[in-house]
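The values are calculated or read from the model by the stated rules, or taken from the named source; none is laboratory data. These figures come from a predicted structure and were not determined experimentally. Note that we place each Cβ from the backbone using ideal geometry, even for glycine, and neighbour counts take in every protein chain shown.
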Amino acid sequence: MSIFKKIITAVRGGASEAGEAIVDANSTRIFEQEIRDSEKHITIAKRDLTEVMAKQMQAARELSQLQASIKEHEGYAMQALNQGNEALAIEVAEKIAELETNAADQQQANESFLKSADRLKELIKKSERQLTEYKRQLTMVKTTESVQKATSAITDNFSASNSKLLNAKDSLERIKKKQAMFDDKLKAAEQLESETPEQDLKKKLQAAGIGAQANSAQSVLDRLKNK
Amino acid sequence: MNIHTIATHLNKLADDTDTGFNFDCTPIDGEIDVLQVEIIGREEIPIFVSISDNQILCIAYLWGEDEIKSELKANMMEAMLEMNIPMPLSAFAKVEDKYVVFGALSINSSLEDIELELVTLSDNSLEVISEMDSYLN
C-alpha cells in the first residue's frame, strides 16, 4: 500500500488517536535504513562509474595511438615496397597485423566500457529517483505524526487549563468588538485632545470678539490709524 | 530554528514590529514542542507553531465539524477549495474534527518571514470566518 493511502486510511479509521502511529516506529526505522542503504548504493555506483569512465578513456586513448601506429607502419611498408625490399615490407606487415589485433581488442574494450557506463548512469538515475520518492514518503509520515502530536499537546493544554477553543463566530465577534473598542478609544482620545474645556472657552470668547483676537490686516490698520 | 528562538523574538518585538502587531507566546509541553502565539487583540484565535525535521508549521483552528450547518457542508467545502489559492500564504486543512488554516515554512526561514506568516495567517483566519459565516451555526 502506498504511504499516501496508508495515511488516509489511518486518519479516516481513527488511528489518529494520540500515541497510535500511522506507520509504527519500527517501520519508520526500516524506512530510514532503506534510505541510508540507497544512498550508500548510489555512492558505490558513482565510484564504479568514475572507474569505468576512466578505463574507457584509457582504452580510447590506446586505440587512437594504435590507429596512428598502424598508419605510420603502413607508410613504412609502402616505402619498403617502393624500394623493392619485400622482406622488410613483410616484416612491417606482420607488425601491422599485430597492431590491428590489438586495436580490435581495444575497440571491443572501449565499446564494453561505454555500455557499462551507460548502464551505471541509468542505474544511478533510477536509484536517485527512488531515493527522492522514499524521502518524500518519509516526510509525509513524519509530518502527519508531528501534526498529530502537536494536536494532542494543544488539546491536552486546553483541557488542562480548563478552557476550550471558542466557537468561530463568537471568537470573531469578540475580536471585532475589541477592535471597535480600540478604534473608539483612539477617536475619543483625539477628540479629547482637541476639545479641552480651556480651548473650548477660548473659541467661544474669540467668536464673541472678547480677549485676544487673531491678527488681521484690518486690526493692524485700525491700530495704526488710532496712533 | 526552534520554538524558543521564535518565542523570544516575537515577545521582545514590542514597538519594533514590522507588522504592527504585538505577540504573546507560550510554549506548550508535549511529545513535540508547540508554541502558542497570541496576537494582542486577537487572543480568541491563537496560532500554534510546531517544528519538524524539514518545516515549520503554523496552524490556526477555525471551526469544528459541529459548528457547520450540515445541509450546507458541501457548499462550504467548495467555497473553501475555491478560496484556497487566492488566500495568501495559507491553505485549508482538517485536523481531526477541526477545520484549520495553516502555513508551512522552510526550516531555514528568517524570523521576519515567520512573523509575516503568523500575521497573514491571523488575517486570513478572521477573513475566512467572516466570509464563511453563512455556513456556520
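For region B:50-60, enumerate the residues that are at the interface with another protein chain (Cβ under 8 Å from one of its Cβ atoms) and buried (at least 22 other Cβ atoms within 10 Å of the Cβ). Before you say what the answer is, go through the steps one by one.
To start, the set of residues in region B:50-60 that are at the interface with another protein chain (Cβ under 8 Å from one of its Cβ atoms) comprises B:50, B:52-55, B:57, B:59.
Within region B:50-60, B:S50, B:I59 meet the criteria.
Looking only at residues in region B:90-109 that are surrounded by fewer than 21 Cβ atoms within 10 Å (Cβ to Cβ) and touching a Gly at 6+ places or on another chain (Cβ under 8 Å), the one that is modelled with the lowest pLDDT is B:D97. Cβ-Cβ contacts under 8 Å between residues 6 or more apart (or on different chains), taken from a first residue in region A:131-155 that is within 11 Å of another protein chain (Cβ to nearest Cβ) and farther than 17 Å from B:K98 by Cβ to a second residue that is at pLDDT 85 or above and part of a helix (DSSP H, G or I), are listed as A:K135/A:I35; A:L138/A:E32; A:L138/A:I35. Of all residues in region A:173-206, count the ones that are in a helix (DSSP H, G or I) and away from chain B (no Cβ under 14 Å). Residues in region A:173-206 being in a helix (DSSP H, G or I) and away from chain B (no Cβ under 14 Å): 18 in total. When every residue of region A:146-153 is checked against the conditions, none turns out to be of a type in the set (D, E, K, R) and farther than 30 Å from A:S27 by Cβ.
Of all residues in region A:123-143, those being among the basic types (K, R) and modelled with pLDDT of 90 or more number 3.
Determine which member of the set B:M77, B:M132 is hydrophobic (A, V, I, L, M, F, W, C) and touching a residue at least 12 places away in the same chain (Cβ under 8 Å). So that I can check it myself, show each step before the final result.
Details: B:M77 fails: touching a residue at least 12 places away in the same chain (Cβ under 8 Å).
The conditions single out B:M132.
In region B:27-49, the residues that are within 7 Å of chain A (Cβ to nearest Cβ) reach residues that are basic (K, R) and not in a strand (DSSP E or B) with C-beta atoms within less than 6 angstrom, at least six apart or across chains, in these pairs: B:E31/A:K149; B:I32/A:K149; B:G41/A:K178; B:E44/A:R174. Checking each residue in region A:60-82 for being charged (D, E, K, R) and surrounded by fewer than 16 Cβ atoms within 10 Å (Cβ to Cβ) picks out A:R61, A:K71, A:E72, A:E74.
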